1. How much net charge surrounds A:Pro399 when only other residues with a Cβ under 15 Å from its Cβ are counted (Lys, Arg +1; Asp, Glu -1)?
2. What size of dipole, in debye to the nearest 20, comes out for the protein assembly as shown about its Cα centre when the only charges are +1 on Lys and Arg C-beta atoms and -1 on Asp and Glu C-beta atoms?
3. Return the Cα extents of the stretch B:67-157 along principal axes one, two and three, sorted largest first, each rounded to a whole Å.
4. Quick check for you: with a 1.4 Å probe and neighbouring chains kept, what is the accessible area per residue of chain B, in Å²?
5. Report the per residue volume, in Å³, of the convex hull enclosing the C-alpha atoms of the stretch B:560-665.
6. Please report how far the C-alpha centroid of the stretch B:590-614 lies from that of the stretch B:711-764, rounded to the nearest whole angstrom.
7. Taking each residue in A:201-208, count the Cβ atoms of any other chain within 10 Å of its Cβ, then average. What number comes out?
8. Kindly identify residues of the stretch A:215-239 having a loss of at least 50 Å² in accessible area between the isolated chain and the assembly of all protein chains, probe radius 1.4 Å.
2 protein chains.
Amino acid sequence: MKTERKGQHLVIGKRIPRVDASEKARGEARFVDDITIPGMLYGATLKSPYAHARILSIDTNKAEKLPGVKAVITGKDMIDSKRCIFSEIVPVWEDKLPLEIEKVRFIGDEVAAVAAVDLKTAERALELIDVKYEVFPPVLDPEKSMEANSPKIHDKDSNISIEIHYDFGDVEGGFGQADYTFEDSFRTSHQAHCCMETHGCIAEWGDDGRLTIWATTQRASSYQRELAKVLGIPYSDVRVMKTSVGGSFGSRMSLHTVEPICAYLAKKAGLPVKLVYNRDEEFVSSRTRHPAIIEIKTGVKNDGIIIAREAKVILDNGAYNDLGPKVLHEVATLLCSYYKVKNVRVNGYLVYTNKPYGGAFRGFGNPEVAFAVESQMDIIANKINIDPVELRLKNASDPGDVTACGWEITSCGLKECIEKAAAAIGWEKKRRRANNHGVGIAACIHWGGGLRVGESDFCIAVVEVNNAGQAYVFTGEKEVGGGSDTIITQIVAEELGISPKVVRLMPLDTDVTPSFLFAGSPTTFVAGGAAKAAASDAKRQILEAAAGMKAINIKELDILDGYIYDIRSHMKLLPVSEAAHFSYEIMGIPIIGKGCFNQGPTQYDMETGRGQLSPTYSFAAQAVEVTVVPENGVVEVLEFACAHDCGMGINPTMAEGQIEGGLAQGIGYALTEGLAFNNDGKALNSSFTDYRIPRAKDMPKKINSIIVETKDSKGPFGAKALGETSMVPTAPAIANAIEDAVGVRIKELPITPEKVVKAFYLDS
Amino acid sequence: MKTERKGQHLVIGKRIPRVDASEKARGEARFVDDITIPGMLYGATLKSPYAHARILSIDTNKAEKLPGVKAVITGKDMIDSKRCIFSEIVPVWEDKLPLEIEKVRFIGDEVAAVAAVDLKTAERALELIDVKYEVFPPVLDPEKSMEANSPKIHDKDSNISIEIHYDFGDVEGGFGQADYTFEDSFRTSHQAHCCMETHGCIAEWGDDGRLTIWATTQRASSYQRELAKVLGIPYSDVRVMKTSVGGSFGSRMSLHTVEPICAYLAKKAGLPVKLVYNRDEEFVSSRTRHPAIIEIKTGVKNDGIIIAREAKVILDNGAYNDLGPKVLHEVATLLCSYYKVKNVRVNGYLVYTNKPYGGAFRGFGNPEVAFAVESQMDIIANKINIDPVELRLKNASDPGDVTACGWEITSCGLKECIEKAAAAIGWEKKRRRANNHGVGIAACIHWGGGLRVGESDFCIAVVEVNNAGQAYVFTGEKEVGGGSDTIITQIVAEELGISPKVVRLMPLDTDVTPSFLFAGSPTTFVAGGAAKAAASDAKRQILEAAAGMKAINIKELDILDGYIYDIRSHMKLLPVSEAAHFSYEIMGIPIIGKGCFNQGPTQYDMETGRGQLSPTYSFAAQAVEVTVVPENGVVEVLEFACAHDCGMGINPTMAEGQIEGGLAQGIGYALTEGLAFNNDGKALNSSFTDYRIPRAKDMPKKINSIIVETKDSKGPFGAKALGETSMVPTAPAIANAIEDAVGVRIKELPITPEKVVKAFYLDS
């Protein structure tokens, strides 16, 4: 039989079913709450009822005496983890203890925890813990919090956690050349991740003093290191085990309080403990998207070219930092890299308030930035009478560009995305109709090859091909629902020239699956790159065995569709399984390929904002058609066209899944989502009854997902990240469409019916 | 800090606790019967009530209709696995179907099986299966079975399954030179393994057509291949998973009927099935030790030198072959290699009878041989008036010897074993006392580096050292209770220069743990050798990282006690964990060592008996003191001295455990064990009430275990096999001590009180 690789892919670009489809469809996937360990206790945490208060005393005596209670802990049972040295770039945990000792800083801040034989007993014990507080007035508004005389939330002179001031080009000169200057202020909301699986974990200490933890994390290796630091033990004494994860969206990126609390409970009780949050706890504790106030001033020439930009950003940090400093950095550098503008100044402030704290969330600051920049793009277009699509195309980045803060644009399909999204929505035909129908468009740039944060975006993979020719992939990559296991499977299968049916990912276990330190959404790029390199190394070993068996020069051999063939004659020589069998059972050599993806050290400077952030960038444009009822303010999203430059669609079905999923989160961000607080700092809508995420019926009837393949030279088979861009342009596209439909410009998220009605009837 | 390797071992030779001690002591080890899979059914098999009958019909209609029954199968649901090509050397399964179709050949032969929602329903369904038989007279006596006119058990002209005729040197000439000729006939018994865990498995078929099986096997890789052949599927479609195993002693060496039956049930039911034997089933189905009739004629010179030997061996095969042909071969070659005799002839016959069939059992034919040879040694010594110890020393093998059939003796501590055992028991002082006390001694040779059977005794290991310097060992070795996991751990720790506490064995899973094809008891030698090689390869990679970090030539570095040190200055440079971290997280190179132990192809010829059987040989001598009450025939074993040349005691505590455990089995073999059958072929004592294995109180008060370290050049750190020699000389040592005590020679096992009394009062 003859065969030949003709440049085409057999596995990449194919719509193979998700490798975890069967176990998830059949209910066999094991999430943390499905796992039970013999003797396991159940944990619960006591939370502050006050947004801002000093802890005077905590009396746990009665709780400890309740039958069935096996451990009660407070912060005094823990090491002072604030002193641990964390990454200087991301000083997570420098202002937070797992259980607070001196002060509480938001309603829900944890002060004590109980482990008992069942959850009911644990919860009853919580009621028996007597905490005395000295209550302070809460600081809820970030702008007021910045004022010099505001009550101080931490033991610092100011409630400004960090501030940054980036300045590129000649900002004054730029504005001097501008024909128009636009100044607008935008506000975004307190979006919650709303993962279907709440946070939780099971912690068990071994006889050997090692901690094994089954946790709802999205990044096992980093998590292992962070948890070890907070517990004050070597990271090799923490073993993180695989579970299925029910969504992450950034909420499982940094260590949560739940894990150290659970570990301390298990240690004190001497038994394994499960601690899983309920939905109410999840809403107030899962590190929301930071609400942002973005004041943006843009100088534009007559022809629509943006010549200068100045922005002031205030991120509402909530009570603690978590990843806030890094989010602020991203917001600022995005403002400096969006479109071709070279003269940019950004002043950014991360401000403590007595509310649940922010963290990583899909887009990592970008949806906030995009809402401001892309809304203003339409304001500009309308004012200077250029079509919004044309205005974007005029200013869009091109391959080879270097942005103001030093991002080197390589593969770039931004213009193609804008053109294709506009064409797909029927832009020319539908724009400026008068029947309360409108179309809008928005675009974005996002890091497409990971986000360098300290030692992050480093991945090792091992591909073992067993004696039957089946491939097993060891990588620290953790499937969180986005389909990364399937993508890695396809990459390895393609590289090895075998069927994805004989490629399997090994269960994640930090003891044996190698490190994967990541940030952002670069699984395909980073873990995929490592897996491809490892598969390539394994392929060489297979071909070496085949060359030995057949006495042929290895350079004359290749693999396709499970067969080793002669490159010159195109003749199939033998199946991979036979070569593998020969290597193991005659030569005695296991086939084990090693691969690494290493971006090298961080190349940007948080102080100045300068430097390459990611090895490559992804782009997208989304266009939408809406209809608005001015009388009641109801916005109906009719259709979306989403064009995404993700380099290469490794699996188009899953890429579309990412786009549609992100779109849903973007629609929620645009129209309905956001935590609301009363004057005491209490969340008013911490349930799915009151916090409205889009349901199936809220989604547009038609979603046209378009993959723009720019084949990035550094990505595995040309692929770049996709998961985050899918929600970045959604909200401003809708805001722009609303303007097109009924002529009102809403600058604050969510765009509720009340705001639309008010703008339509009162402001205009 | 200074350090230096001074030739001494830090881990080898140390009495570290078993690595599985904690989980077993705490009841956390998971045996097959501890495992439950959602939706799992329970299986049961229908067995023949006749020892010899034709199956006329099997009606399963009523059973199938019983509520709760999910699958009923007979042999007709299976492929004709007799046609599958098995190893030509070990033609297991060539005469057996998992469920018989045409004939049944022993009471307990399986003819049908049921899977149901619970065991009670499955057993009720068995009662509803109507099997019609045409009953034949059973053939129970192997000597009668050999006769030409005996009823034929298989569709063959003779009930002799195989026969072998080995002839070395000049046998007639040898006997011509002999001053004395001895002719004796010995009979050994039908010993059952009596593992605490009965046979069983769980079989589950995946959506992908692959079978996953949790089974009580002792050799996963060979088992995977055998099961696949019997099922007619590629071996890559069978995945064998780790379980704890409650003893094996050879009973789990070849595939059992339970596994293919269970696999077929699971396939037909479309659900996982558990099939576990009860104790009664275990007794009749677990492949016993073959009862042997050994007629042995030995020519001896005046000075005690053995000049010629001739033997006829009849092994009672039972109904099917299993490993019987290979056992017969071992029996014959042992008779040709025992002591220095060069002129040897052996005629061996493996004879079918209508009884449960034999298979592999600790010693693999050697306890049978030893009972004959070592009993006769004392008969000779007494006759020609040489001390039995001296007679053995005169004829014992030396290093450099090549036996009659071609075994090359390298390391050999046989003489030292004999001397040390005799000295330890107080031979000179206790011999020939008159108070019904007696001492006896017996010695043995056994393959010490594995037993080449086709592709067996080949092992690959992978040692992965993770980024924290912890080592993980991937090997197909399966702990069956003997402590091999601990031995492998010590070997890897010693080779890497790290603590055994940071070495862990990965769970066995034939998909990812490499092949280990073995026979005999060579785990230390074969798997240990592979693990040592893999650890050595990993060590090189660690040193490469350290050399890179410290800019030192790798040749100047070594590892001891977890630290890399400079060989010249003896200065500790850095911990292994740091070098590992550097390799992974700076160099991006995982540390993965590969190692293989490969004996190469079989070097002996089953036809002639000639050739090297094993890369090395182990030796032992056991001396015992007994007291005998002639009036009731009761033999009390007072004390044992066991000297074993196992090359090197990797873990002396575990070596002693092997010796003491084997001794118990040997004492049972000598005095109490053996299945008995009535005239219908029904086992009369298939329960622990009636089948007497030694209990703690039956063991001698004193056991003196002596390890003779000969440091074999091919074994890992000098080690050779030990597990089997521990029971080989036990029975003849006891028989010889009884003779010393009361002057009677019992030539048939077990040596029951009845036989002693009869010999004392009637025969003498």
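1. Details: positive: A:Lys340, A:Lys415, A:Lys711, A:Lys714, A:Lys720; negative: A:Asp398, A:Asp401, A:Glu408, A:Glu416, A:Asp645, A:Glu709, A:Asp712.
Its environment carries a net charge of -2.
2. Dipole about the Cα centre, nearest 20: 100 debye.
3. For the stretch B:67-157, the Cα extents along the three principal axes come out at 50, 32, 18 Å.
4. 34
5. Values: hull volume 26.8 nm³, N = 106.
Output value, Cα hull per residue: 253 Å³.
6. If you average the Cα positions of each part, the centres end up 31 Å apart.
7. On the way: counts 0, 0, 0, 0, 0, 1, 3, 3.
Mean partner-chain Cβ count within 10 Å for A:201-208: 1.
8. Residues meeting the cut-off: A:Tyr235.
The values are calculated or read from the model by the stated rules, or taken from the named source; none is laboratory data. All of these numbers come straight from a predicted model, not from anything done at the bench. Glycine gets a Cβ as well: all are built from the backbone with ideal geometry, and neighbour counts include every protein chain shown. Accessible surface areas use protein heavy atoms only, side chains included; no ligands, DNA or RNA. Shrake-Rupley method; radii C 1.70, N 1.55, O 1.52, S 1.80 Å.
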